[in-house]
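K.L.:
Pasting in a structure now, in structure tokens, and then I'll have a few things to ask.
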Amino acid sequence: MDSLLRDLRYALRTLRKTPGFTFFAVLTLALGIGAASTIFSVVNTVLLSPLPYRDPGSIVAIYEANPKDGVDAFPVAPANFMDWQRDNRVFSAIGASRNRPLNLTASGAEPERIPAAQVTAGYFTALGVAPRLGRAFTAEEDAPGGGHAAILSDALWRRRFSADPKVVGQTITLNDQPYTVVGVAPASMRLPSTQTELWVPMAFSAEEAANRGNHSMSVVARLRPGVTLEQARAEMRAIAQRIAATYPALQKGFTTNVRPLSEDIVGDARTPLFVLAGAVGFVLLICCANVANLMLARAAGRQKEIAIRSAIGAGRRHIVRQLLAESVVLAILGGGVGLLLSTWGVDLLVALGPRELPRLDELAVDGRVAAFAITVSMLTGLVFGVAPALHASRADLNETLKDGTKGSSGGPARARARQALLVAEVAISLTLLVGAGLMLRSMSRLRDVDPGFETANLLTGVVSLPATKYDTPEKRVAFFDAVGERLRAAPGVERVAFVANLPLSGSVSMSGYWIEGKTPVGDNTKVPVASSYVVTADYFRTMEIPLARGRLFTAQDRAGTPYVAIINETLARQQFGAEDPVGKRIQFDPDSGAYYEIVGVVGDVLHRGLGEDAPPQLYITYAQNPFGGLTAVVRGASATALTNALRGAVREVDADLPVARIRSMEELIAEGIARPRFITLLLGTFAGVALVLAVVGIYGVVAYSVAQRTQEFGIRMALGADARRVLGEVVGQATRVTAVGVAIGVAAALVMSRGLTSLLFQVNAADPLTYGAIVGVLLVVTVVASWVPARRATRVSPMAALRPE
């Protein structure tokens with residue numbers, strides 16, 4: 001221990017004598033370790049840390065599935081959930097939820113649209129969550145007419161109720177109805193959505209409890225002690241088979257999908273995280289290679305010192321240990337600064353990261369991240385320190401001590417080591433640059449996608465009508481007619497419409513349909529399904545969705561007139577082929593006997609995201625099918641003016657109604673591509689750092705080589721050598737070394753880029769344009785980085801170079 005401390009003290013004194021070298025080495029390591037620690041904090045939180053619920057390994061998510069249609073997970077219908085709850089013997093608790101935003105109104109305060117959820121009585125029990133104040137819902141509260149109860153989130157409790165512990169028992173107004181606050185959830189409760197701020201009982205009506213067609217709920221359950229995941233899957237499949245046999249018209253081919261809740265929450269974020277972890281690992285390796293190159297150069301300048309120490313009795317092991325001590329000290333300093341940088345990096349990730357990244361708000365630099373940084377620091381110290389220490393300890397005493405100016409080149413072995421490190425840096429940098437280039441091309445393609453409507457100058461905002469106040473179709477239609485009339489009269493407003501399930505908003509509604517004369521009705525019939533939209537008459541003109549044939553909705557398509565529908569070109573092509581669908585009739589419920597005449601065909605509109613094809617789509621008019629909430633779409637020149645006009649119009653009609661989620665359509669689209677943009681940003685940042693480090697490495701190797709060959713160049717220049725030939729030789733040598741790294745990097749990138757396939761859009765992982773551009777960039781920066789020291793070699797004064805001789 002004493003010898004170790006002595007070596008560390010000696011290392012500190014030695015490094016203090018070369019502040020420039022120490023600063024650059026520590027900064028390089030800090031960048032690599034800081035980036036690695038930041039990404040590890042994400043991996044630690046999302047993939048490694050258990051969910052903040054009691055015994056999280058026992059919690060599962062349950063979905064319906066239809067393998068024949070290639071669908072492995074979709075929301076659950078109420079009646080199926082009720083059967084699962086009654087018939088299962090593998091769960092100690094099971095609960096369902098669905099998002100249901102509510103209007104919160106209070107005297108003296110602005111009405112607010114709260115992201116809320118309906119949950120069954122067993123939901124909190126299944127998650128193992130106990131409210132921090134009050135209690136969870138009872139079975140009586142979850143029954144029809146059982147009374148209105150509410151549980152507040154920690155964030156809502158603090159924001160709207162000033163963290164008042166006496167809030168439990170108070171009455172609040174939600175959707176114009178009184179609710180009693182029975183509890184406040186802990187801050188860790190972030191389900192069914194990270195945005196959820198309020199929970200109310202599900203309280204199925206008798207009609208809803210029998211519904212097997214409305215797939216709208218998420219289900220979680222807690223395994224009984226001793227029950228395995230496979231046992232739960234087997235029992236749920238058996239229950240699904242019984243349901244399918246009893247209700248073949250709606251459930252034929254359906255089964256269930258049971259998976260750990262932790263996997264369900266992570267979802268498709270696993271692949272991007274692994275990609276980023278691999279990228280930051282590459283950056284760390286480049287940092288190590290750069291510092292190793294610095295150490296080799298520094299060791300070459302200390303050969304006489306090391307030779308003298310060897311001559312007076314220092315053994316090779318002692319010299320290696322002392323040199324390694326310097327590497328460890330550099331690594332510890334770099335790790336400390338890197339850990340500090342990672343705390344800022346985590347804050348930056350939380351600020352810039354997409355909202356759908358799971359558990360983003362839980363990111364923190366905790367003890368596990370600190371332990372990771374310390375471990376990585378020690379390992380990197382060994383990785384970049386061993387080779388330089390071994391090389392330095394092999395000094396030839398006779399040659400080194402003969403003349404202080406000779407033998408300092410380190411010989412061909414050290415030159416080969418430096419070139420090998422440079423090859424590795426170039427190869428790794430190329431791999432990262434290719435990954436970033438592929439993501440950039442993918443993002444460019446994604447941004448160029450036509451969503452099927454004009455996105456510019458379009459504002460959206462959600463307005464939801466409480467059922468108690470707007471309890472008739474006439475009242476609901478009158479409300480939106482009045483708001484639309486006021487908006488059209490507002491300055492700057494060009495067109496106004498309303499829609500349920502705005503495209504690219506994340507809101508989805510699917511409807512089965514029967515085509516008269518084409519789709520038979522029966523238990524064994526596979527019913528076609530389409531995305532369905534309820535719109536006001538001016539919707540297509542406001543969104544600028546083109547009409548392909550037929551006509552659009554008009555003000556005359558109202559209650560009491562024949563039902564009408566509009567379909568998109570995809571549905572027309574799939575169901576009617578070359579036949580004209582205008583005039584054909586469809587049904588949404590064969591039992592009702594109601595037919596909708598297809599009056600028009602419009603262009604395809606992307607709904608779920610820019611990277612997905614447009615599904616079959618059906619449109620019906622709000623005037624003939626009025627229900628609660630709609631999204632306003634307002635087209636005009638000024639976003640601020642449109643926002644004020646929308647809020648003002650709603651306030652004039654009903655001062656108690658808030659307008660929620662006011663955003664431009666361009667903001668909505670930006671949110672939809674937030675995750676690939678975030679990954680591209682990080683990969684691009686890592687690739688940029690790698691390129692800078694590679695350029696520094698190339699410059700350092702060439703500059704060091706030129707410095708060691710000063711006398712050679714001086715003699716050649718004195719004998720009349722052409723400066724351009726010397727310049728070409730130096731640059732050519734650097735280019736050849738880089739070319740080897742490029743060749744290795746291309747091969748590695750072809751393998752590594754396969755991991756990006758699922759993240760790319762309309763770009764091949766082996767895209768030749770991306771590879772060619774990256775190779776060209778690396779070769780150009782190699783020439784530029786080597787030209788400066790090469791130019792210096794051509795200006796060597798023969799007298800200055802030969803003076804030592």
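K.L.:
Filter the range 241-274 down to residues that are assigned to a helix (DSSP H, G or I), out of contact with any Gly (no Cβ under 8 Å at 6 or more places or on another chain) and over 30 Å from Ala36 (Cα atoms), then give me how many there are.
P.N.:
So the answer is 7.
K.L.:
Please work out which one of (1) modelled with pLDDT of 90 or more; (2) open to solvent by less than 40 Å² (accessible area, probe 1.4 Å); (3) outside any helix (DSSP H, G or I) is the condition Leu465 fails and give its number.
P.N.:
(1)
K.L.:
Still on this structure, please answer the following. Any idea which residue in the range 84-101 is most open to solvent (accessible area, probe 1.4 Å), counting only those that are under 17 Å from Leu223 (Cα atoms) and either part of a strand (DSSP E or B) or among the aliphatic types (A, V, I, L, M) (or both)? Let's see the steps before the verdict.
P.N.:
As a first pass, look at the range 84-101 and keep what is under 17 Å from Leu223 (Cα atoms): 84-96.
Pick out the ones that are also either part of a strand (DSSP E or B) or among the aliphatic types (A, V, I, L, M) (or both) and you get 90-96.
Numbers: Val90: 10, Phe91: 9, Ser92: 66, Ala93: 12, Ile94: 13, Gly95: 0, Ala96: 0 Å².
Residue satisfying both the conditions and the ranking: Ser92.
K.L.:
If you don't mind, there's one more thing I want to ask. Could you check how many residues of the range 480-501 are within 33 Å of the chain's Cα centre (by Cα) and open to solvent by 20 Å² or more (accessible area, probe 1.4 Å)? Break it down stepwise before answering.
P.N.:
Initial filter on the range 480-501 (within 33 Å of the chain's Cα centre (by Cα)): 497-501.
Restricting the remaining residues to those that are open to solvent by 20 Å² or more (accessible area, probe 1.4 Å) gives 501.
Number of matching residues: 1.
K.L.:
Now for a separate question. Please work out if Val477 is in a helix (DSSP H, G or I), surrounded by 14 or more Cβ atoms within 10 Å (Cβ to Cβ) and out of contact with any helix residue (DSSP H, G or I) (no Cβ under 8 Å at 6 or more places or on another chain).
P.N.:
Spelling it out, Val477 is indeed in a helix (DSSP H, G or I), surrounded by 14 or more Cβ atoms within 10 Å (Cβ to Cβ) and out of contact with any helix residue (DSSP H, G or I) (no Cβ under 8 Å at 6 or more places or on another chain).
K.L.:
Could you please find all residues in the range 119-153 being under 30 Å from Val650 (Cα atoms) and open to solvent by 20 Å² or more (accessible area, probe 1.4 Å)?
P.N.:
Looking only at the range 119-153, we keep the residues that are under 30 Å from Val650 (Cα atoms), and these are 119, 147-153.
Result: Gly147, His148.
K.L.:
Go through the residues of the range 24-44 one by one and say whether even a single one is under 23 Å from the mean Cα position of the chain (by Cα) and surrounded by fewer than 20 Cβ atoms within 10 Å (Cβ to Cβ). Walk me through it before giving the result.
P.N.:
Of all residues in the range 24-44, those under 23 Å from the mean Cα position of the chain (by Cα) come to 31-44.
Adding the requirement that they be surrounded by fewer than 20 Cβ atoms within 10 Å (Cβ to Cβ) leaves 43-44.
Within the range 24-44, one or more residues are under 23 Å from the mean Cα position of the chain (by Cα) and surrounded by fewer than 20 Cβ atoms within 10 Å (Cβ to Cβ).
K.L.:
Of the residues Ala277, Ala238, which is out of contact with any Leu (no Cβ under 7 Å at 6 or more places or on another chain), small (Gly, Ala, Ser), at pLDDT below 90 and part of a helix (DSSP H, G or I)? Break it down stepwise before answering.
P.N.:
Values: Ala238 fails: at pLDDT below 90.
None of the other options fit; the residue is Ala277.
K.L.:
For the range 724-746, enumerate the residues that are within 18 Å of Ala687 (Cβ to Cβ) and either free of Cβ contacts under 8 Å to residues at least 60 places away in the same chain or open to solvent by 20 Å² or more (accessible area, probe 1.4 Å) (or both).
P.N.:
Pass one, the range 724-746, residues within 18 Å of Ala687 (Cβ to Cβ): 738, 741-742, 744-746.
Matches in the range 724-746: Ile744, Val746.
K.L.:
Which residue is modelled with the lowest pLDDT, if the candidates are limited to the range 622-644 and must be closer than 30 Å to Asp176 by Cβ and open to solvent by less than 10 Å² (accessible area, probe 1.4 Å)?
P.N.:
That would be Leu642.
K.L.:
Since Phe81 meets every condition but one in (1) within 15 Å of Thr255 (Cα to Cα); (2) open to solvent by 10 Å² or more (accessible area, probe 1.4 Å); (3) modelled with pLDDT of 90 or more; (4) not in a strand (DSSP E or B), which condition does it not meet?
P.N.:
(2)
K.L.:
Collect the residues in the range 569-605 that are in contact (Cβ under 8 Å) with a residue 40 or more places away in the chain, touching a Phe, Trp or Tyr at 6+ places or on another chain (Cβ under 8 Å) and within 17 Å of Pro528 (Cα to Cα), keeping them in residue-number order.
P.N.:
Lys584, Arg585, Ile586, Gln587, Phe588, Pro590, Tyr595
K.L.:
Out of curiosity, is Ser193 at pLDDT below 90, open to solvent by less than 60 Å² (accessible area, probe 1.4 Å) and under 24 Å from Pro52 (Cα atoms)? Don't jump to the end; show me each part of the working.
P.N.:
Details: at pLDDT below 90: yes; open to solvent by less than 60 Å² (accessible area, probe 1.4 Å): yes; under 24 Å from Pro52 (Cα atoms): yes.
Judged against the criteria, Ser193 is a match.
K.L.:
Continuing with this model, one more query. Looking at the structure I just gave you, is Ala203 of a type outside the set (S, T, N, Q), at positive phi and touching a residue at least 40 places away in the same chain (Cβ under 8 Å)?
P.N.:
Working: of a type outside the set (S, T, N, Q): yes; at positive phi: yes; touching a residue at least 40 places away in the same chain (Cβ under 8 Å): yes.
Yes: the conditions hold for Ala203.
K.L.:
So which residues in the range 31-54 are part of a loop (DSSP other than H, G, I, E, B) and in contact with a Leu (Cβ under 9 Å, 6 or more places away or on another chain)? Spell out how you get there, then give the answer.
P.N.:
Within the range 31-54, the first condition is being part of a loop (DSSP other than H, G, I, E, B), and the residues that meet it are 49-54.
Within the range 31-54, Leu51, Tyr53, Arg54 qualify.
K.L.:
Something else now. Specify the residue that is modelled with the lowest pLDDT; the eligible residues are those in the range 392-418 that are surrounded by 21 or more Cβ atoms within 10 Å (Cβ to Cβ) and part of a helix (DSSP H, G or I).
P.N.:
My answer is Ala392.
K.L.:
So Ser162 passes all but one of these: (1) of a type in the set (Ser, Thr, Tyr); (2) out of contact with any strand residue (DSSP E or B) (no Cβ under 6 Å at 6 or more places or on another chain); (3) closer than 30 Å to Arg224 by Cβ. Which condition number does it fail?
P.N.:
The number of the failed condition is (3).
K.L.:
Continuing with the same structure: Can you run down the residue pairs with Cβ atoms below 8 Å, 6 or more apart or on separate chains, where the first is in the range 50-71 and under 19 Å from Ser218 (Cα atoms) and open to solvent by less than 60 Å² (accessible area, probe 1.4 Å) and the partner is assigned to a loop (DSSP other than H, G, I, E, B) and among the aliphatic types (A, V, I, L, M)?
P.N.:
The qualifying pairs are Tyr53/Val129; Ile59/Leu51; Glu64/Ala77.
K.L.:
Just the residues that are in a loop (DSSP other than H, G, I, E, B), modelled with pLDDT of 90 or more and under 19 Å from Asp557 (Cβ atoms), please, taken from the range 484-536.
P.N.:
Result: Thr536, single match.
K.L.:
Kindly evaluate Arg558 against the criterion of being touching a residue at least 12 places away in the same chain (Cβ under 8 Å), among the charged types (D, E, K, R), over 30 Å from Ile114 (Cα atoms) and surrounded by fewer than 20 Cβ atoms within 10 Å (Cβ to Cβ). If you could, list the steps in order and put the result at the bottom.
P.N.:
On the way: touching a residue at least 12 places away in the same chain (Cβ under 8 Å): yes; among the charged types (D, E, K, R): yes; over 30 Å from Ile114 (Cα atoms): yes; surrounded by fewer than 20 Cβ atoms within 10 Å (Cβ to Cβ): yes.
So Arg558 fits the description; yes.
K.L.:
If a residue has to be in a strand (DSSP E or B), open to solvent by less than 70 Å² (accessible area, probe 1.4 Å) and within 22 Å of Gln556 (Cα to Cα) to count, how many in the range 567-621 make the cut? Spell out how you get there, then give the answer.
P.N.:
Step one: of the range 567-621, the residues in a strand (DSSP E or B) are 567-568, 585-587, 596-602, 617-621.
Checking which are open to solvent by less than 70 Å² (accessible area, probe 1.4 Å) leaves us with 567-568, 586-587, 596, 598-602, 617-621.
Filter once more, so that each one left must be within 22 Å of Gln556 (Cα to Cα): 567-568, 586-587, 596, 598-602, 618-621.
Residues that pass the stated criteria total 14.
K.L.:
Filter the range 105-118 down to residues that are surrounded by fewer than 23 Cβ atoms within 10 Å (Cβ to Cβ), touching an Asp or Glu at 6+ places or on another chain (Cβ under 8 Å) and not β-branched (Val, Ile, Thr), then give me how many there are.
P.N.:
2
K.L.:
Hey, any hits in the range 156-168 for a residue that's among the charged types (D, E, K, R), touching a Leu at 6+ places or on another chain (Cβ under 9 Å) and open to solvent by less than 50 Å² (accessible area, probe 1.4 Å)? If you could, list the steps in order and put the result at the bottom.
P.N.:
Here is the first cut: in the range 156-168, the residues among the charged types (D, E, K, R) are 158-160, 164, 166.
Going one step further and asking which of them are touching a Leu at 6+ places or on another chain (Cβ under 9 Å), we end up with 160.
Restricting the remaining residues to those that are open to solvent by less than 50 Å² (accessible area, probe 1.4 Å) gives none.
No, the range 156-168 has no match at all.
K.L.:
Checking Gly128 against (1) touching a Lys or Arg at 6+ places or on another chain (Cβ under 9 Å); (2) under 15 Å from Pro192 (Cβ atoms), which single condition isn't satisfied?
P.N.:
(2)
K.L.:
Just for the range 777-805: of the residues that are modelled with pLDDT under 60 and not in a helix (DSSP H, G or I), which one is most open to solvent (accessible area, probe 1.4 Å)? Reasoning before the result, please.
P.N.:
Initially, the range 777-805 is screened for residues modelled with pLDDT under 60, giving 800-805.
From what's left, not in a helix (DSSP H, G or I): 803-805.
On the way: Arg803: 169, Pro804: 81, Glu805: 134 Å².
Step by step, filter the range 777-805, then rank; the result is Arg803.
K.L.:
Counting residues that are over 30 Å from the mean Cα position of the chain (by Cα), which strands (runs of 3 or more DSSP E) fully inside the range 116-234 reach at least 3?
P.N.:
Values: elements: 116-119, 149-152, 171-174, 177-184, 198-201, 218-223.
By residue number, 171-174, 177-184.
The values are calculated or read from the model by the stated rules, or taken from the named source; none is laboratory data. Remember, predicted model here, so these are calculated numbers, not experimental data. When we count neighbours, we look across all protein chains shown, and the Cβ atoms used for this are built from the backbone with ideal geometry, even at glycine. Heads up: the accessible areas ignore ligands, DNA and RNA and are worked out on the full protein's heavy atoms, side chains in. Shrake-Rupley method; radii C 1.70, N 1.55, O 1.52, S 1.80 Å.
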